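What follows draws every value from the coordinates through simple rules; no lab data is involved. The shown structure was predicted, so the numbers you read here are calculated from the model rather than taken from an experiment. Here Cβ is always computed from backbone atoms with ideal geometry, including for glycine, and neighbour counts include all displayed protein chains.
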Amino acid sequence: MKKIWAVFALIGFLSLPMLAHTGKAHANVPDVRVTIPGYKVKLNGHLVDNAYREYPLLVYKEITYFPMTWYDSRLLGLEARWSKQEGLQIYQGQVASTYASYKSDHRNAASYHAEVPASAITVNGQVIDNAKEEYPLLSFRDVTYFPLTWRFAHDQFSWDYIWDTVDGLSITSHNPQIQMAELPVYAEENDVALYNGYYYFVETTGTTNHVYRAPVKQPSDKEEIYFYNIDTAYGLQKNLSFQIRNNTLWFTYHLGGAIMGHDEFVKIGDDGKADLIHKGYLDFRDTSYGTLVTLLGASAFEGGNLYLLPPGGSETNRKNVGDPGVKYGVHATYNGGGEGYGADSSTTVIGDDVYVLASRGQTDANKIYKINLKTNKSTMIVDTSVNWFRIINNKLYYVKDKDKALYSSTLDGTGEMELSDHSVSWFDSIDGNVYYTTKKETNQFDLYQADPNREDQLVWTTPVSEVQVLNNQLICRLGEKEDYGVVLLDSSGRLQLKVTDPISRVLTSDEGILVATSGGSGIQTITLSNN
C-alpha cells in the first residue's frame with residue numbers, strides 16, 4: 001500500500017496569480033438544464049471522475065463548466081471573492097493546491113438543473129453581465145460554475161486548452177503545481193529528506209530502524225543505506241532526524257536515557273554510503289584544522305568542553321580549544337543558587353576564528369567570544385548576556401537576555417545597533433532584509449521586518465506557526481484555523497505563493513521546499529513546479 005507524500009520544489013519565478021472563495025447561489029434566479037460530461041476531462045493532468053464527484057464538471061450549450069470549489073479553483077491558479085456590495089469577483093491569484101477528488105458515494109445522474117445567478121460578476125477586473133452572456137456563470141449545489149470558453153480559459157487566464165475525440169478535454173494552467181511522489185506509508189512515521197535527487201526515509205520493523213534512499217524519479221526503487229537497533233531499556237526509540245551540514249546530508253538519533261544515553265551522528269556520502277561519525281552529547285563544526293567539537297550534557301558543567309579533532313585523528317589526538325573551566329556552546333541559567341545549561345547552536349567558524357557563546361560564572365555568563373584556532377587566543381566581543389546569535393554576511397546578530405530584543409554589530413562587537421521593536425523568538429536575514437517573529441500566544445507568532453528608521457511593520461497580517469528561510473525565501477507555516485497551510489514570501493517580504501494544504505512540518509531539502517502535509521489522506525510529499 002502506498003501513501004502520498006509531498007515536497008514543495010519551487011522552480012522558476014512565481015509571478016502568476018491564482019483563485020479564492022466559493023461563490024454562493026442566489027434566490028429567484030432562472031435555471032437551465034445541464035449534463036454530466038460523457039468524455040474525459042483532465043485538470044492539470046488529473047483525470048476527473050465526474051460520475052462519482054460531488055462537484056462534477058458540467059456541460060451547458062456544449063461548453064464544459066468548471067466548479068469554483070476551494071481546491072479546484074486554486075488548483076488552476078484562481079481565486080474568488082463574493083460580497084453583497086460587489087457581487088462575485090474572480091481573478092488570478094498567487095495560490096496553489098493539491099487535487100481534491102470530492103469523491104461521492106453515489107453516482108451522478110445524466111442531467112440536472114443549474115441556476116443562472118443575477119448578481120454582479122467581474123473576471124480579472126472586467127464586469128460581466130451574466131444575464132446577457134451566451135455562456136453565463138452557473139450555480140450548482142451551491143457552488144459557482146465557470147464556463148471554459150476560449151475567451152476565458154485562454155484569453156483571460158492563459159491556460160493551455162486542448163480537446164480531441166479520444167482524450168477529451170485537457171486544461172493546463174501555468175501557476176506552480178503540486179506534483180505527487182509516492183513513498184511507502186511507513187515513511188510518514190518518521191523524518192523525511194530530499195537531497196541530491198533522492199528521498200531519504202525510515203522504516204521500523206520490530207526492533208530495527210532501516211534507513212532508505214530512493215530516486216525522486218523512481219521512488220519505488222529504494223535501497224537500504226543504514227540500519228540500527230532501537231530496543232533500549234527506555235523502550236523502542238525510533239525517532240530520527242535529517243539535517244544538511246556544510247552541504248552534506250546527516251541524520252541523528254538518540255539511544256538510552258536523558259543522562260546515561262547518547263546521540264549518534266551519521267554522515268551520508270554522495271554514493272549513499274552512511275557512516276557513524278560521532279557519538280555522545282555534542283555539537284561539531286568543520287574547520288581547516290579538523291573538526292571542532294563542543295561537548296554538551298554533563299561535560300558542559302565542567303567547562304573546557306571545546307576541542308579540535310585533527311583530520312583523520314582519533315580522540316586521543318584531540319586538542320583543547322579555549323580556556324579551562326569556561327563553558328562553551330551552551331546557554332547558562334542560574335536560579336536559586338543552582339545552575340543549568342541548554343545546548344546552543346550558535347557556534348560559527350570563519351577562517352581561523354571560532355565565535356561561540358561562553359560562560360565563566362554567574363556574573364560572567366552567555367558572552368560572545370572569538371577564539372583563534374591558530375593561537376588559541378580568546379577575546380570577548382560582546383560583553384552582555386546573549387540568548388543566541390548568528391553571523392550573516394559577515395555581520396553579528398544577537399538577542400540579549402535582558403530584553404529579548406535583536407541587535408547587530410560588526411564582527412569585533414563594535415557599532416552595536418538595536419534592530420527590533422518587539423521581543424524576538426526567531427530571526428534571519430535575506431538580501432540584507434532582517435525578519436523576526438515575536439510570540440503572540442502558544443504556537444502563534446507575529447512576523448515583522450526590522451526597520452531601524454521607522455516602526456517595524458507586520459509582514460503577514462495573521463499569526464504564523466513557524467518561519468524558515470530556504471532558497472532565499474521566507475517559508476511561513478500557518479495555523480490550523482487559517483485558510484492556507486503555508487505562504488512563501490520573497491526577500492522583500494512580498495507574497496509569492498499561498499498553498500491551500502495544511503502543513504504539519506517543513507522538512508530537510510537541498511532543492512525547493514520539502515513539507516509534510518496533514519489532512520484526511522495523511523502526510524504527503526508534493527513537488528511544486530511551473531508547467
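Of the chymotrypsin sites (Phe, Trp or Tyr not before Pro) found in region 355-435, none is in coil by DSSP with at most 11 other Cβ atoms within 10 Å of its Cβ. Summarising the strand pairing of region 17-175, around 85 percent of its internal DSSP beta bridges are antiparallel. Amide H contacts of LEU249: ILE268, each under 5 Å away and 5 or more positions distant or on a separate chain (H built 1.01 Å from N in the peptide plane; Pro and chain starts excluded).
Which number do you get for Rg(Cα) / (2.2 N^0.38 Å) in the chain?
Working: Rg = 28.0 Å, N = 531, 2.2 N^0.38 = 23.9 Å.
Expressed relative to 2.2 N^0.38 Å, the Cα Rg reads 1.17.
By the rule of a C-alpha distance below 18 Å, with chain neighbours fewer than 8 residues away ignored, the aspartates and glutamates paired with LYS40 are ASP49, GLU54, GLU62, ASP72, ASP160, ASP164, ASP167. Quick one: grab the alpha carbon gyration tensor of region 260-329, order the square roots of its eigenvalues as a ≥ b ≥ c, and give me rounded if a/c is under 1.5, else prolate or oblate depending on whether a/b is larger than b/c. It is oblate, given that a/c is not under 1.5 and a/b is not larger than b/c.
In this structure the amide hydrogen of VAL434, modeled in the peptide plane, comes within under 5 Å of the amide hydrogens of ALA450, none closer than 5 places in sequence on its chain. Computed from the C-beta positions of ASN246 and THR172, the FRET efficiency with R₀ = 41 Å rounds to 0.55.
Computed 3J(HN,Hα) for region 388-397, one whole-Hz value per residue from the Karplus formula 6.51 cos²θ - 1.76 cosθ + 1.60 where θ = phi - 60°, is 6, 9, 9, 10, 10, 6, 6, 9, 9, 10, glycine and proline marked x. Per-residue Karplus couplings for region 419-425, computed as 6.51 cos²θ - 1.76 cosθ + 1.60 with θ equal to phi - 60°, are listed in order as 10, 10, 8, 10, 5, 10, 9 Hz, Gly and Pro entered as x.
Of all the Cα-Cα pairs you can form in region 17-175, what percent are over 20 Å apart?
Details: 5674 of 12561 pairs.
Counting pairs separated by more than 20 Å, the tail of P(r) holds 45 percent.
Taking a ≥ b ≥ c as the square roots of the eigenvalues of the Cα gyration tensor of region 95-239, is the shape rounded (a/c under 1.5), prolate (a/b larger than b/c) or oblate? Since a/c reaches 1.5 and a/b is larger than b/c, the shape of region 95-239 is classed as prolate.
Report the longest stretch of the chain that contains none of the GluC sites (Glu not before Pro) sitting in a DSSP loop with at most 12 other Cβ atoms within 10 Å.
Values: sites that count: GLU62, GLU86, GLU134, GLU455, GLU480.
Counting at most 12 other Cβ atoms within 10 Å as exposed, the longest clean stretch of the chain is 135-454.
The modelled label-to-label distance between GLU264 and ARG141, using points 7 Å beyond Cα along the C-beta direction, is 5.2 nm.
If each residue of separation counts as 0.36 nm, what is the full-extension length gain between THR232 and THR379 once their alpha-carbon separation is subtracted?
Numbers: separation 147, 0.36 × 147 = 52.92 nm, distance 4.36 nm.
Additional length available on full extension: 48.6 nm.
Each part gets one Cα centre, and for region 337-398 versus region 56-94 those centres are 55 Å apart.
FRET efficiency for the pair THR363 and GLU223, taken as 1/(1 + (r/R0)^6) with r the Cβ-Cβ distance and R0 = 56 Å, rounds to 0.50.
Please give the length that would be gained between GLU455 and SER423 if that part of the chain were fully extended, namely 0.36 nm times their separation in residues minus their C-alpha to C-alpha distance (nm, one decimal). If you can, show how the numbers build up before the last one.
On the way: separation 32, 0.36 × 32 = 11.52 nm, distance 1.38 nm.
Stretched fully, the GLU455-SER423 segment lengthens by 10.1 nm.
Could you list the residues of region 437-458 with an amide nitrogen less than 11 Å from a label point located 7 Å from the Cα of GLU482 in the Cα-to-C-beta direction? Counting only backbone N, you get 444-447.
From Cα pairs below 8 angstrom and at least 6 apart in sequence, can you work out the relative contact order of region 17-175, rounded to a whole percent?
On the way: 374 pairs, mean separation 51.2, N = 159.
That works out to 32 percent.
Applying the criteria of a DSSP loop state and at most 15 other Cβ atoms within 10 Å to the trypsin sites (Lys or Arg not before Pro) of region 49-157 yields LYS61, LYS84, ARG107, ARG141.
What FRET efficiency, computed as 1/(1 + (r/R0)^6) with R0 = 45 Å and r the Cβ-Cβ distance, is obtained for ALA118 and ASN335, rounded to the nearest 0.05?
Details: r = 69 Å, r/R0 = 1.53.
About 0.05, to the nearest 0.05.
The mean sequence distance of close C-alpha pairs (under 8 Å, at least 6 residues apart), as a share of the length of the chain, puts its relative contact order at 14 percent. Shown in residue order for region 372-386 are the 3J(HN,Hα) couplings computed by the Karplus curve 6.51 cos²θ - 1.76 cosθ + 1.60 at θ = phi - 60°: 7, 5, 7, 9, 6, 7, 9, 9, 6, 10, 10, 9, 7, 6, 10 Hz (x for Gly and Pro).
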